[in-house]
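Report on one structure; see the data block that follows.
The values are calculated or read from the model by the stated rules, or taken from the named source; none is laboratory data. The structure presented is a predicted model; accordingly, all values stated were derived computationally and were not measured. Reconstructed Cβ throughout: ideal geometry from the backbone, glycine too, with neighbour counts over all protein chains shown. To get the accessible areas, we keep the full protein, side chains included, count just its heavy atoms, and leave off ligands, DNA and RNA. Shrake-Rupley method; radii C 1.70, N 1.55, O 1.52, S 1.80 Å.
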Amino acid sequence: MTFGEQPAYLRVAGDLRKKIVDGQLPPHTRLPSQARIRQEYGVSDTVALEARKVLMAEGLVEGRSGSGTYVRERPVPRRISRSGYRPSGGATPFRQEQADGEGRGTWESSSEQSEASVAVAERLGIEPGERVMCTRYLYREGGEAMMLSTSWEPLTVTGRTPVMLPEEGPVGGMGVVERMRAIDVVVDNVTEEVGARPGLAEELLVLGGVPGHVVLVIQRTFYASGRPVETADVVIPADRYRVAYHLPVK
């Protein structure tokens, strides 16, 4: 194979991909059989199989037991707007995650005390094994599961205070900034690191998707005078949503 030449299975996958994107193979259409691919492109069964595997890994097609492989319907990505934190009162956790504030969002949550893992402890600047409040959220938009979030707060900051449980108490559900302000902790900075990885089985079960689907993961940490007071992992299906940032100009 000369430099720049693609393996045969990638050339076949590329041509089939183009047909899917161009609409020649619309959603729910059966992908040509392995025998048809072999005949049409003049390749071996192995090459035809590998080309189909590529399209499946890209999420363009899906296998149906006893029926064949079909073109998947591709969702039109929707936007999730993010703008850091809301310094003034009244912001709910979901409104912090969706700064467009269209009001279609709902969420479910549960909190429990746990020990900080090595990774969480490093992000919070505490020792592994220290007690933290772990809160898990499932966010929905128009009833559809669209985002997961797991947050951790050091109990050395919130323990035995009215805000120890994020969704309960006098400022329950008001978001990190407002809750911390209630115990005289002033949040003055937030960082977010965005990455991507294959979704975990339990994540895709809730969010919808098949093994191999990619999710966006936002690692967010709130700081007060340089001290981390909350950190969270936000998980979003990459095929259905785009994350848009609104950053202030100083």
ask   = Of everything in region 127-156 that's out of contact with any helix residue (DSSP H, G or I) (no Cβ under 7 Å at 6 or more places or on another chain) and assigned to a loop (DSSP other than H, G, I, E, B), which residue is modelled with the lowest pLDDT?
value = G142
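Which of the residues belonging to region 216-250 are polar (S, T, N, Q) and in a strand (DSSP E or B)? If you could, list the steps in order and put the result at the bottom.
Here is the first cut: in region 216-250, the residues polar (S, T, N, Q) are 219, 221, 225, 231.
Passing the criteria: Q219, T221, T231.
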request  = Would you tally the residues in region 194-213 being open to solvent by 70 Å² or more (accessible area, probe 1.4 Å) and of a type in the set (V, I, T)?
outcome  = 1
task = Could you pull out every one of the strands (runs of 3 or more DSSP E) wholly within region 1-110 that has 1 or more residues that are among the hydroxyl-bearing types (S, T, Y) and at pLDDT below 90?
result = 78-82
task = Give the number of residues within region 197-213 that are touching a residue at least 40 places away in the same chain (Cβ under 8 Å) and assigned to a strand (DSSP E or B).
result = 0
task = Scan region 156-184 for residues that are within 19 Å of T231 (Cβ to Cβ) and open to solvent by 30 Å² or more (accessible area, probe 1.4 Å) and jot them down.
result = T156, T161, M164, L165, E167, M174, E178, R181, I183
